[in-house]
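The values are calculated or read from the model by the stated rules, or taken from the named source; none is laboratory data. Because the structure is predicted, anything quoted here is derived from the model rather than measured. Cβ atoms come from the backbone with ideal geometry, glycine included; neighbour counts cover every protein chain shown.
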Amino acid sequence: MGPLQGIKIIDMTSVLMGPYATQTLGDYGADVIKVESPEGDITRQIGPARNPDMGPVYLNCNRSKRSIILDLKSETGRSALLRLIETADVLVYNVRPQAMARLKLDYDTVSKINPRIVYAGLFGFGQDGPYAAKPAYDDLLQGSSGLSHLIAMAGDGTPRYVPTALADRVVGLMAVGAILASVIHRDRTGKGQRVDVPMFETMAGFVLGDHLGGLTYEPPLDKGGYPRHLAKDRRPYKTSDGYISVIVYNDKQWKSFFDATGRDDLRNNPMFATFNGRLAHIDTVYGELGRIFETRTTAEWLDLLVKADIPVMPVHTLTSILDDPHLVATKFFPVVEHPSEGKIRSMRIPVTWSDTPAVPQRLAPQRNQHARDILKEAGFSDDEIAQIVVRDEPTEPKRAARS
């Protein structure tokens, strides 16, 4: 019974950016109807799986949704979608607008059927520039936003991608906010609207918020970049037996650090004594911290720094994070029973509400799992449903053997 209960969303997205946004909306209580092509969302095929089309990337971006397969290139499938749109609050897509136009599902067409609908597009580039029709993927946007260049500046000079789909998720979260703002506007005015959420512009603002630096001014004061973020020794610190994440940032924390480590020589050093001094000599500061942290074990540093109230966290692996005491205490990784996949590890919705608590509406669906229910709710007759749902209904998969 989350805060978005009663909001109906037609989800025409696939891969990651759009599904991540619509999963968030579904987790918050919206009724999300995932419209898949006959081929299905490609992320169904990514990663190890117990059953075909139910891979982990798909499972972790498509909970709180219902699934229906419609061939939108056929008149039957397109007509069925338009009937679903009549009673929807939001339509979300993440193909290029030109593709929606070819399907005759552009905003002008859809808004005539439902003037109250919020028509949200997540795609590569703003439609008023020369890149309007270009395709876009997460890797392309990490590179073109300057993020890969920043990694090169802070590392060995080689541009790299962050090893997670950062652009997809950043833009997905931007879309959640834009969609909800548009729903509020619609509820105030009675009128829906088209909302474009471009990846390039979103990521440029996201990255340059930290790194525009002196380029903020005209004429520029420098060539941009935030020195602390670009320091080559800004990384998890090596201890005598592992690694640890520490940031000693403000003057109070540095005083506590000097007290805890007995480094009075640094306390009186102008490069360490003030915020501006540390920022101006950040490579020296981080280099010295690196040498200090190698003198004790990870456990010793965790104990010492926690007692000194200095921000510190362990450097988790993909397996050790599952046993983090805070995440265990907050039940962040519940093991749940999926109808077709058996026991799977889920992740809790991180946001909490005092009056409208949100929990996942359902686990990620099989292909076409809810087609008949969705169509019946929309007023389709049994004969009409039989014409639309002619194949691809889920069959009982093999369950993994468990003791």
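Worth a mention:
- Selection count where residues are within 25 Å of Lys376 (Cβ to Cβ) and of a type in the set (Ser, Thr, Tyr), scope the range 29-46: 1
- Number of the condition not met by Ala21 [criteria: (1) part of a loop (DSSP other than H, G, I, E, B); (2) touching a helix residue (DSSP H, G or I) at 6+ places or on another chain (Cβ under 6 Å)]: (1)
The rows are residues; the columns are (1) of a type in the set (S, T, N, Q); (2) at pLDDT 95 or above.
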residue	(1), (2)
Thr158	yes, yes
Thr164	yes, yes
His211	no, yes
Asp233	no, no
Lys238	no, yes
Tyr243	no, yes
Ile247	no, yes
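- Thr239 vs. criteria over 31 Å from the mean Cα position of the chain (by Cα), closer than 21 Å to Asp309 by Cβ and exposed (fewer than 14 other Cβ atoms within 10 Å of the Cβ): no
- Evaluation of Leu103 against the conditions (1) over 27 Å from His185 (Cα atoms); (2) within 24 Å of the chain's Cα centre (by Cα); (3) without any contact (Cβ under 8 Å) to a residue 40 or more places away in the chain; (4) crowded, with 16+ Cβ neighbours inside 10 Å shows that the sole unmet condition is (2).
- Within the range 306-322, the residues that satisfy the criterion of being farther than 18 Å from Phe257 by Cβ, surrounded by 13 or more Cβ atoms within 10 Å (Cβ to Cβ) and in contact with a strand residue (DSSP E or B) (Cβ under 8 Å, 6 or more places away or on another chain) are Pro314, Val315, Leu322.
- Asp303 surrounded by fewer than 15 Cβ atoms within 10 Å (Cβ to Cβ) and not assigned by TED's automatic domain parsing to the domain that holds Arg63: yes
- Ser14 being at pLDDT 95 or above, in a strand (DSSP E or B) and crowded, with 21+ Cβ neighbours inside 10 Å: no
- When the range 136-160 is limited to residues that are of a type outside the set (A, V, I, L, M, F, W, C) and in contact with a Phe, Trp or Tyr (Cβ under 9 Å, 6 or more places away or on another chain), the one that is farthest from Asn94 (Cα to Cα) turns out to be Ser148.
- The range 348-364: number of residues that are among the charged types (D, E, K, R) and within 18 Å of Arg63 (Cα to Cα): 2
- Leading residue by the ranking (nearest to the chain's Cα centre (by Cα)) among those in the range 265-317 that are within 21 Å of Ala231 (Cα to Cα) and of a type in the set (Phe, Trp, Tyr): Tyr286
- Tabulated pairs, the range 50-72, first under 16 Å from Phe333 (Cα atoms), second at pLDDT below 95, C-beta under 6 angstrom, 6+ apart or interchain: Arg63/Pro360
- Of note, Thr356 does not satisfy the criterion of being modelled with pLDDT under 95, of a type in the set (Ser, Thr, Tyr) and either within 30 Å of Glu86 (Cα to Cα) or not assigned by TED's automatic domain parsing to the domain that holds Gly29 (or both).
- In the range 375-403, residue modelled with the highest pLDDT [restricted to those that are more than 11 Å from Ile69 (Cα to Cα) and touching a strand residue (DSSP E or B) at 6+ places or on another chain (Cβ under 6 Å)]: Arg399
- Per-region count, the range 347-368, residues in contact with a Leu (Cβ under 9 Å, 6 or more places away or on another chain) and within 17 Å of Thr22 (Cβ to Cβ): 3
- Asp259 meets the stated requirement of being more than 18 Å from Asp241 (Cα to Cα), among the acidic types (Asp, Glu) and either surrounded by 13 or more Cβ atoms within 10 Å (Cβ to Cβ) or at pLDDT 95 or above (or both).
- Helices (runs of 4 or more DSSP H) contained entirely in the range 172-276, each with at least 2 residues that are closer than 19 Å to Trp301 by Cα: 251-261, 264-267
- Screening Val197 with (1) under 30 Å from Gln98 (Cα atoms); (2) loosely packed, with under 13 Cβ neighbours inside 10 Å gives one miss only, at (2).
- Qualifying residue in the range 107-119 (condition: surrounded by fewer than 22 Cβ atoms within 10 Å (Cβ to Cβ) and within 26 Å of the chain's Cα centre (by Cα)): yes
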